[in-house]
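Heads up: the structure comes next, in structure tokens.
Only the coordinates and a few stated rules stand behind these numbers; no lab work does. The structure presented is a predicted model; accordingly, all values stated were derived computationally and were not measured. Neighbour counts are summed over all protein chains in view; Cβ atoms, including those assigned to glycine, are modelled from backbone coordinates with ideal geometry.
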Amino acid sequence: MDSAPAKRSSWLNDQRVRELAYQILLLALIAVVVWGGIYNAVVNMRARGIPMSFGFWNDVAGFDINLHLINYSNLSTYGRAFWVGLLNTLLIGLICIPLATLLGFVIGVARLSPNWLLSRFALVYTSVMRNTPLLLLLLFWYNAVLKSLPGPRQSISLDDVVFLNNRGLYLPMPFARPSAVWFLGMAVVAIVSAVGFHVWGRWRQDRTGAQMPTALVAAALIVGLPALVIAAAGVPFGFDIARLSGFNLKGGLQIIPEMAALVFGLVTFTAAFIAEIVRAGVLAVPFGQSEAAGALGLHHGLSMRLVVIPQAMRLITPPLTSQYLNIVKNSSLAVFIGYPDLVQIFAGTVLNQTQATVQVMAITMAVYLAISLAVATALNAFNARYALKGQ
Amino acid sequence: MDALTYVRKAPAPEEAPPLLSSGALAWARTNLFSSIGSTSVTLGCVALVAYLLPQLAAWATTRAIWSASDGAACRQHQDGACWAFVVAKWDYLRFGSYPGAERWRVDVTEAIGAALIVWLLWINAPRRAWGAFLFFVAYPILALILLRGSSWFGLTSVDTQLWGGIFVSLLTAVVGIVFSLPLGVLLALGRRSSLPAVRLASVVFIEFVRGVPFITILFMANNLLPLFVPETWTPDRLLRPLAGIIIFSAAYMAEEVRGGLQSLGRGQYEAAMALGLKYAPMTGLIVLPQALTLVLPGIVNNFIGLFMDTTLISIVGATDFLEAMNNAIKDPVWAGPTIMVTGYAFAGIFYFIFCFGMARYSAHIEKVRAKGRM
Amino acid sequence: MSSALADDDRRDDAAIRFIGVHKWYGSFHVLRNISLTVARGERIVVCGPSGSGKSTLIRCVNRLEEHQRGSIVVDGVELTDDIKRIDEVRREVGMVFQNFNLFPHLTILENCTLAPIWVRKMPRRDADELATKLLARVRIVDQAHKYPGQLSGGQQQRAAIARALCMTPKIMLFDEPTSSLDPEMVKEVLDTMTALALEGMTMIVVTHEMGFARQVADRVVFMDGGEIVEMNAPLPFFQHPQHKRTKLFLSQILHIQH
């Protein structure tokens, strides 16, 4: 046996040295590319007179926006235009997410229905929607439907309360009357007492086993108490209905056609995906679970509520959140039909006018990244708390 | 029979099930009429179909105008589709403004591409590795020469601004897949790497691209790319959205491939390492072929999504099929109330057939694979 | 129990009666003219090759499967489409499944107390007490606050037995309870079932465990091709099988076990 120590092989063959070398190489490559890019950018931007600061933020915008949730005029700054666009994007998300969820769950349940025809109808819906480009749907709703509606003078109307024309959908705009304070107060009391009753009912069930009809009582409270206020003091809300004035409708709550098209398109499109997620989630719960629940004597409703749906919701939640994120990202298609969302206003008009390309794109992408990150973090927290343990 | 012991003397005969419990009647009873609610739903659905379907069918067929030279006939008969419009515009919808005499080049490129794709997707095809090389390496070069033109080969050059229609939609989607698949594989391997810098770079890239809307990537490619490269390299106007598509698709492809790599199981890696294979041969010969076959349905689904996303490139000035349709609809010769609906309906049918067909194929692969495993 | 039962039903002292029961899956005749009476306190083991219909048979007892012809009377209640009757029967019949079917989103204790609280309307404290007592009987009371995914297969099946027992059923059905278990865990579950049998529970057990059959069963029923082929007390059944199909089956099974 050779008693001399083995010759040390070249340090180039050392695993750790190699790994370090690869990483340094990669980082160097990235650094070169990034540095080269920045250098070129600075040169090009100087040559074309493109601003390199954020100074444009406080310059006057000079353009109008037809939907603004905060005060805005063409004398406002680009910065303000940014906030208007951001709020409009969030508004679309806020409206479309609950509507798409509702429609998606309805269609998903229809997909699972034992009635063959209903399940096939739902299948046709999801198949068509998932294989049609969203842009085509938006263009269809906007160009073919909404823009070809008649003018304000020949509006289609529902009982002369709701009006539909090519300037938009006009709904009654609620305003509060004096008794509204009592009404809202009663509504709050009703909700609090319904929740209270539910908690008390649970406590009582724990102690005595008797089950209280909490759902019915809650419904009765939430409907009944505010109804008392209406009976005593009349309807607490008035409605401002749109009226024809000259060539246009004035008053009421106007929903511009761009927004209507975007909402219709996004909701019907995303609902199809949500329906498939709901269906997959429910089917993924093993059939043995509902059999075991039935074998224990739980009837169908209880079996669904206590055993199947809690498990299905755990499976449904992650892809569902991903669809919510898609709604926010897909709302950027607003730029094709002129809805004034963040991309249309900021990465569109503002970028064109100021030529501050790098700054504008950076800010826009940062906003969406922040939203994605926030949702991902919330989802991780949810998973940590509710994921099935031991698996 | 005796309560405690029993031995069967004669086998019980097989009998036919009672009438109402099997066959068409039984199926109808459980699936259509099992309860009052179910029955009313069935009747409602049948009524709906009976009302709508004949109307739709008539609009599309019996009341439609199938041939005309301008919009007059369609303006007269507004209760049917104006398919004559689609027929008249078909060349533009297919090729955009690509010069008429050179259109054969587009057809040839598409035919070769289709053949290569069939070769690659047919699971049991011989020598698929050759097909992969041809598709990912040789075909792009060939396509570039044929489509763009090159005086070396005696082909007149055709500016990319003239390209349009179905041709551009297919081109964009295929280019997207061809380049995003290798890039996605690299990103997926990078994300699973044990080297922290590599993993970080991959994660940052993937999460950044997946976290922003596709339109912003297109804007970035269109507006920022010219800024970050020297003045003389100004990228072609079609190349910019193509770059955006490749980047966007690569991030999603990376996640698909990563799923496949994860589901492969440690056993494969361990067997390869025990045989003495180093990282590159192990990945190239053992891991990737299996992982990619595993996620083939997912890759096809990505392709479908990509094909639908190509509709967005019109925002940066490229003319895809939908944009071509939009342009065609504006033609004053054909103006009329039914033109827009006809155009959009045709576009919808086109996308649906293409995407639904690919989706069925992907489902078919999964079924075949599931059978093979059982 | 419901007062809608006729008086002579109540005096019926058989736990389960199958009278001329037939079942089809589509056109496949899976149960053929089954007639069988199970007395109270009797322990029946049902065995047979796969596809013989033995699982289908016991699943008909608590209406997890529907029969198309004949009648099944459980604890004096005839099984029909009447939902009230089905729920009645299911309260008095407990079932243990081959793959446990514990509810993964609830702790073991919650698994056991779910049905007593929501079906028998027991106060939570009483339900917890009952569950703890039964979990102690199957010797996994220290796992009460864990989730099913954190238990071994044998522990999960014992928990499933406790869960079924929490409804204080009159009859227990076991559908191949040890077939999914690793060999070293089979004994702990069989011991639990034996203890249950010794307390006088009416049991129908579908199983391949012939040692258990020999030790515990009052009767062994052999099914093949959807029909009952042979039925006898365990000793004569194993030592002197009569029908040739029984002999064939036993020769295949018994060379594995002794």
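Tabulated data
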item	result
Cβ-derived FRET efficiency at R0 22 Å, residue A:353 paired with residue A:373, nearest 0.05	0.15
Label-point separation, residue C:66 to residue A:211 (7 Å along Cα→Cβ), nm	2.4
Positive-end residue, chain B charge dipole about Cα centroid, Cβ charges, pick of B:62, B:30, B:314	B:30
Dipole axis of region B:83-370 (+1 Lys, Arg; -1 Asp, Glu on Cβ), positive-most option in B:223, B:335, B:293	B:293
Region C:202-258, relative contact order [Cα under 8 Å, separation at least 6], %	29
Residue C:191 versus residue B:34: modelled label distance in nm, points set 7 Å from Cα along the beta carbon direction	4.4
Of the DSSP H helices in chain A, those whose Cα atoms cover at least 20 Å axially and whose Kyte score averages -1.0 or more	A:15-48, A:78-111, A:116-130, A:180-208, A:214-233, A:257-284, A:309-330, A:357-386
Debye-sum result for region A:85-176 in log10 I(q)/I(0), which assumes one identical scatterer on each alpha carbon, at q = 0.22 Å⁻¹	-1.14
Sum of -39500 (n - 2.57) over DSSP H runs of 4+, divided by residues of chain B (222 nm, nearest 500)	-20500 deg cm²/dmol
Potential lengthening between residue A:313 and residue A:71 on full extension [0.36 nm per residue; Cα-Cα distance subtracted]	83.0 nm
Inter-label distance, nm, simple model (7 Å from Cα along the C-beta direction), residue C:25/residue A:239	5.7
Computed FRET value (nearest 0.05) for residue A:322 with residue B:108, which takes r as the C-beta separation and R₀ as 25 Å	0.05
Kirkwood Rh and Cα Rg combined as Rg/Rh, chain B	1.10
Cβ-Cβ FRET estimate between residue A:59 and residue B:330, R0 fixed at 35 Å, reported to 0.05	0.50
Across C:54/C:133; C:54/C:244; C:121/C:170; B:9/C:244, pairs whose alpha-carbon gap is larger than 22 Å	C:54/C:133
Under 18 Å from the Cα of residue B:89 - lysines, other chains or at least 8 residues apart	B:330
Residue-span extension gain [residue A:387 to residue A:124] - 0.36 nm each, minus C-alpha spacing	91.4 nm
For residue C:95, distant residues with modelled amide H under 5 Å away	C:173
Residues in region B:80-104 reached by a label modelled at residue B:162 [backbone nitrogen below 13 Å; 7 Å Cα→Cβ]	B:95-104
Total charge dipole magnitude, the protein assembly as shown, about the Cα centre, Cβ charges on Lys, Arg, Asp, Glu only, Debye to nearest 20	860
Translational diffusion of the protein assembly as shown, µm² s⁻¹ [Kirkwood Rh, Cα pairs; Stokes-Einstein; 37 °C; 0.692 mPa s]	95
Between region B:278-298 and region A:134-154, the Cα center-to-center distance that results, in Å	49
For residue C:229, residues with placed amide H under 5 Å, excluding near neighbours	C:222, C:223, C:224
Structure-based [θ]222 nm, chain A - -39500 (n - 2.57) summed over DSSP H runs of at least 4, per residue, nearest 500	-21000 deg cm²/dmol
Three-way shape label, chain A, alpha-carbon gyration tensor, a/c 1.5	oblate
Residues A:206, C:182, sorted so that the one with the fewest Cβ neighbours within 10 Å comes first	C:182, A:206
Neighbour net charge for residue B:254 - beta-carbon separation under 15 angstrom, K R +1, D E -1	+2
Region A:20-62 versus region B:1-74: alpha-carbon centroid distance in Å	64
Residues of region B:142-179 with amide N under 15 Å of a point placed 7 Å along Cα→Cβ from residue B:132	B:178-179
Added length on full extension, which subtracts the Cα-Cα distance from 0.36 nm per residue, residue A:109 to residue A:203	30.6 nm
DSSP H segments from chain B that extend 24 Å or more along their own axis, Cα-based, with Kyte-Doolittle mean of -1.0 or above	B:36-60, B:103-121, B:166-191, B:239-263, B:337-373
Sum of -39500 (n - 2.57) over DSSP H runs of 4+, divided by residues of chain C (222 nm, nearest 500)	-11500 deg cm²/dmol
